[in-house]
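The values are calculated or read from the model by the stated rules, or taken from the named source; none is laboratory data. Treat the numbers as computed from the prediction; the structure is a model and nothing was measured. Ideal geometry is used to build each Cβ from the backbone, glycine not excepted, and the neighbour counts take in all protein chains shown. Note: accessible area is taken over every heavy atom of the protein model, side chains too, but ligands, DNA and RNA are not part of it. Shrake-Rupley method; radii C 1.70, N 1.55, O 1.52, S 1.80 Å.
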Amino acid sequence: MVLADLRDRFPALDGWMVQLQGLLEPSHVVLAPEDDSLHLALSSQGERQIASLALPPDLCRMGQPLDRQALGETIADLLLERGQIPARVSVELLLPLPSCQWRVVQVAEPGQAWDLDALRALQPDLGWSLTLQESYLDLLPLAHDDRTLVMGTDRLLLQSWIETLAAADLSVRRAEWLLSAAFRGLSSAWGDREERLVWLVEHAGRWRLLLLDGGCPDVDLALEAVELPELRREVLELVQAWRQPQERMGWWVSASPQWQGQWAPEHDPQLGVLHSDAEMTLLDLALIAPREVVV
């Protein structure tokens with residue numbers, strides 16, 4: 001009797017097969033936690049699926065786990081519901097947006113390259129609330145040979161997430177900031193286009209404007225407006241101050257599904273082509289980032 005016949009006669013066999021596969025083969029999942037929800041991305045039968053779960057209050061605040069045991073158990077339950085055995089899962093953790101900071105740094109002489117030891121020794125003023133000595137740091141080389149993107153998060157915060165996942169019997173394969181992963185995904189989608197890019201980002205109801213020059217973040221501003229008319233006015237004022245006369249730039253909006261198609265109706269084509277109108281969220285962009293970059 002072939003396997004297909006057995007599955008027809010015994011529907012529960014599919015569930016047993018999933019569990020058996022989980023026991024035999026380690027699974028890799030991407031976990032993107034927020035203060036009020038968890039998002040889990042995993043592959044099932046060759047297709048990526050995203051499972052989301054609302055969190056009760058006081059489990060996570062400003063990117064910081066508050067109740068590690070309860071949060072770990074919640075993550076484990078979500079995995080089990082998806083047929084994953086926590087002990088056989090390795091996690092790619094996308095740290096929440098409020099938990100990290102970044103800054104572009106430039107080397108003093110062409111041909112030089114930054115490394116973490118040199119950065120800590122020089123102690124440059126990055127304008128962060130974090131101190132370099134108490135931060136977990138990573139470097140991402142940019143298209144400009146003399147520039148590097150420095151990202152940092154508080155060591156204790158990262159350790160809190162590692163311990164939270166350990167409470168769920170999960171191991172951390174890699175960790176990266178959600179925004180930097182989305183930036184890498186955007187860079188991959190954007191390719192080698194020479195035009196400068198206006199990247200408008202919405203996450204958890206708040207907006208952020210990033211202006212990219214040659215693939216390098218030149219401006220990163222938190223916006224005050226939350227409603228579309230006021231948001232459009234605020235964005236256009238900032239973009240006009242940055243824009244060169246008669247320049248046509250690329251535009252890319254990354255936002256939650258309810259914002260899809262909202263920017264295009266009043267977008268001025270003289271300002272440049274709108275390449276994406278919230279067809280992809282930050283998490284969607286992060287998931288298409290090249291996976292070989294490990295931080």
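A few points about this structure:
- Option label - semi-axes √(5λ) of the Cα gyration tensor in Å computed here, alternatives (i) 36, 25, 19; (ii) 47, 20, 18; (iii) 28, 23, 19: (i)
- Region 175-248, Cα convex hull volume normalised per residue, Å³: 103
- Karplus 3J(HN,Hα) series, Hz, for region 202-207 with 6.51 cos²θ - 1.76 cosθ + 1.60 (x for Gly, Pro): 10, 8, 6, x, 10, 10
- Most simply put, the chain has about 65% antiparallel DSSP beta bridges, counting only bridges with both residues inside it.
- Within the listed set Glu194, Glu176, Glu73, the Gaussian network model of the chain (springs between alpha-carbon atoms below 10 Å) gives the highest mean-square fluctuation for Glu194.
- Rounded percent of accessible protein surface that carbon and sulfur make up, the chain, 1.4 Å probe: 51
- Heavy-atom accessible area, probed at 1.4 angstrom with all protein chains present, ranks His275, His267 as His275, His267, highest first.
- Amide H partners (placed H, <5 Å) of Trp177, local residues excluded: Leu95
- Accessible surface, the chain, averaged per residue in Å² (probe 1.4 Å): 52
- The HN-Hα couplings worked out from phi for region 55-64 by the Karplus form 6.51 cos²θ - 1.76 cosθ + 1.60 (θ = phi - 60°) are 9, x, x, 6, 8, 8, 9, 6, x, 9 Hz, whole numbers, x standing for Gly and Pro.
- Positive-end extreme of charge dipole, the chain - chosen from Gln64, Thr153, Leu40 (charges on Cβ): Leu40
- For Ser27, the residues 5 or more places off, or on other chains, whose built amide H falls under 5 Å of its own are Val89, Ser90.
- Mean residue ellipticity at 222 nm, helices only, the chain: -9000 deg cm²/dmol; runs of at least 4 DSSP H residues each add -39,500 (n - 2.57), and the sum is divided by the number of residues.
- Glu224 accessible area, 1.4 Å probe, all protein chains in place, Å² to nearest 10: 150
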